[in-house]
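Worksheet for the structure shown next.
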Amino acid sequence: MKLVAIIVTLVGCVLMFTLKREKKAALIIMGAMTLTLVNVPWMPFQKANYLLQAAFVLSEWKNIVHHLRFLSRVTALKLPLLIVIVSTIICIIHSPHLNGDSSTIRNFILGELFFKYFAICYAFWAYSRESAIRNTLRLSIYCLIVLTFLGIINYITKSAMFVNALTEGMTNIHKGDVSLGEVYVASERFRVLSMFKSPFDYGYICSAIFMLHLHCYYQGLEKKRTFWLAATCCLFGIIFCNCRIVWISFVLSLFCYILWSVKFSRAGLYVLLTAIALFFSYYAIPSVQEKVDLLFGVFDDASEAQGSSIDMRLTQFDATLDYIDGETIMFGNGKGFFSNDLGWGEGESVDKNLWGLESVIFGYLLERGVVGLLLWVLFYSMISHYFWTSRKIHKRLSGLGFSFVILYLLFSIGTGELGSVYPTMLLLGYVMKAIEKKKLKLKWRKDLPSSSQPTRQRS
């Protein structure tokens, strides 16, 4: 199984030099869906998703000037990327574990920029228009089938064989030194991993791909039967990853897309807003969550409903503030503080109150301080503002982009970023390119002389 995954990665890299750009983009998204655990030995970057991105950039090297020139004219993308670059430089300057080690700094820059946030550029370059997503849709169906097949086996056997095969010899020291594919065997709440190390990542990618297929079905880019196959596979992953933050993030982002894209009567709008309020209350209000868990526990003899984790997150927040009190409040303790200084990377935590560090906000405050957190907020605020101002250009496309942002923000704030940034950047890059093409088309029509514009004849 490991050999097959490596072969698929290498074949994908070779195909980057022979296929059209839209198909190259499909391969990159395929990697984000299925190859997150794959490492190719004896290669410069080893990680499959790093190799696929590097192969894409190399295959487009002769067109790189054209890509950069077009990108430079898109202020809505150029400025957020500048913010990310500034944030990365500040992080390097104020990170003791990065200072003085050129190889560590190089790896951090590659991982943070070129193979993470810059993915939004690669998708922006690869897609030519909205309908260019068809190749990605077709390939994603096969990826979803594989994910679901392995997920079902994982659910039945309680062991993720793909994860064990790709992480052979590795164990989770925080869960009793068990294999990574069997972390949740003895857990009170079993979670399906399928092809991911984290069930949260599995649920997240299924949520994002569901939104993509839903939009393309509405736009007539996908047939009904194909959409329902994709939806079934995605819903399996969303439900059986068994992560409440994934459920809430998915439902609220779905409501966001529907509210943004579909016209409702006043009664329908009230129903949707009420449903949103109920889902939010379930997560935010312990008493509501306790009653709902007890209610559904009536139908599940094995139910072991527990209280809210809000108290745990408040404890983590207090502990985070303790570590940035004083001189480190502005720029944090530096990259690697959580895993190295606090010992979490080696399984020996200094402070149990930081167990999991389950929010991107805590992570940024701890390692990058208030400045780093504000730059993170500014980045996603600018992306969100772009979709808001683009709603008159294409209502559904801008709604899809905004729903991706909402999905990411709810997920990352609720449980941490994990592997959510990379696929989010790819999907946002596609949406932004489609919107920019719509803008160029409208501008071209306005610039046409009135005599050359088509006129309607009265019948």
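Which whole-angstrom value gives the distance between the alpha carbon centres of region 203-260 and region 1-70? Distance between centres, Cα-based: 25 Å. Phi angles across region 389-399 convert, under the Karplus curve 6.51 cos²θ - 1.76 cosθ + 1.60 with θ = phi - 60°, into 3J(HN,Hα) values of 6, 9, 5, 7, 6, 8, 5, 6, 4, 5, x Hz, Gly and Pro given as x.
Taking amide H as placed 1.01 Å from N in the peptide plane, the amide H of Lys47 sits under 5 Å from that of Val40, each at least 5 places away or on another chain.
Scanning residues 5 or more positions from Val178 or on other chains, those with amide H under 5 Å from its amide H are Asn172, with H placed 1.01 Å from N in the peptide plane. Once the Cβ-Cβ distance between Lys224 and Lys20 is put in as r, and R0 is 22 Å, what FRET efficiency do you end up with, to the nearest 0.05? Here the calculated transfer efficiency is 0.25. Taken along its principal axes, the alpha carbon cloud of region 14-162 reaches lengths of 49, 40, 29 Å, longest axis first. Treating r as the C-beta distance of Ile145 and Ala186 and R0 as 25 Å, the FRET efficiency rounds to 0.25.
Quick check for region 115-260: number of Lys pairs with alpha-carbon distance under 20 Å, counting only pairs 8 or more apart or on different chains? Show your work: numbers first, answer last.
Numbers: Lys116/Lys197; Lys158/Lys175; Lys158/Lys197; Lys175/Lys197.
Lysine pairs, 8 or more places apart or on different chains, close enough: 4.
Can you give the direction-averaged projected area of the convex hull of the alpha-carbon atoms in region 22-101, in nm²?
Numbers: hull surface 30.7 nm².
One quarter of the hull surface, i.e. the mean projection, equals 7.7 nm².
Annotation for region 108-125 versus region 347-412: alpha-carbon center distance of 16 Å. Per-residue surface analysis assigns Trp388 an accessible area of about 130 Å², computed on protein heavy atoms at 1.4 Å probe radius. Apply the a/c threshold of 1.5 to the C-alpha gyration tensor of region 98-219 and tell me whether it is rounded, prolate or oblate. Here region 98-219 falls in the oblate category.
Pairs from the list Lys24/Lys78; Lys78/Lys439; Lys23/Lys433; Lys78/Lys437; Lys20/Lys433 with a Cα-Cα gap above 21 Å: Lys24/Lys78. With 0.36 nm allotted per residue and the present C-alpha distance subtracted, the Thr315-Ser72 stretch has 83.1 nm of extension available.
Stretching Met43 away from Val11 to a fully extended chain increases their span by 10.1 nm, per 0.36 nm per residue minus the current alpha-carbon distance. Based on C-alpha pairs under 8 angstrom that are at least 6 apart in sequence, region 92-185 has a relative contact order of 13 percent.
Tally Lys and Arg at +1 and Asp and Glu at -1 over the other residues with C-beta under 11 Å from the C-beta of Val40: what net charge comes out? Net of charged neighbours comes to +2.
Across region 45-52, rounded Karplus estimates of 3J(HN,Hα) from the backbone phi angles (6.51 cos²θ - 1.76 cosθ + 1.60, θ = phi - 60°) give 9, 6, 4, 4, 5, 5, 5, 5 Hz, Gly and Pro being marked x. Pair-distance distribution P(r) for region 355-445, from all Cα-Cα distances in 10 Å bins starting at 0: 16, 43, 26, 12, 3, 0 percent.
Mind ranking 72-78, 254-260 by how tightly packed they are, going by the mean number of other C-beta atoms within 10 angstrom, highest first? Write out the running numbers ahead of the final one.
Values: 72-78: 13.9, 254-260: 18.4.
Result, highest mean Cβ count within 10 Å first: 254-260, 72-78.
Note on Lys2/Thr232: beta-carbon distance plugged into 1/(1 + (r/R0)^6) with R0 of 35 Å gives a FRET efficiency of 0.80. In order along region 53-67, the Karplus-derived 3J(HN,Hα) couplings, from 6.51 cos²θ - 1.76 cosθ + 1.60 at θ = phi - 60°, round to 5, 4, 5, 5, 4, 5, 5, 9, 4, 5, 9, 5, 5, 4, 4 Hz, and Gly and Pro are given as x.
The values are calculated or read from the model by the stated rules, or taken from the named source; none is laboratory data. All values reported here derive from a predicted model rather than from experimental measurement. Here the Cβ is made from the backbone with ideal geometry for all residues, glycine too, and neighbour counts use every protein chain on show. Surface areas here come from the heavy atoms of the whole protein model, side chains and all, with no ligands, DNA or RNA. Shrake-Rupley method; radii C 1.70, N 1.55, O 1.52, S 1.80 Å.
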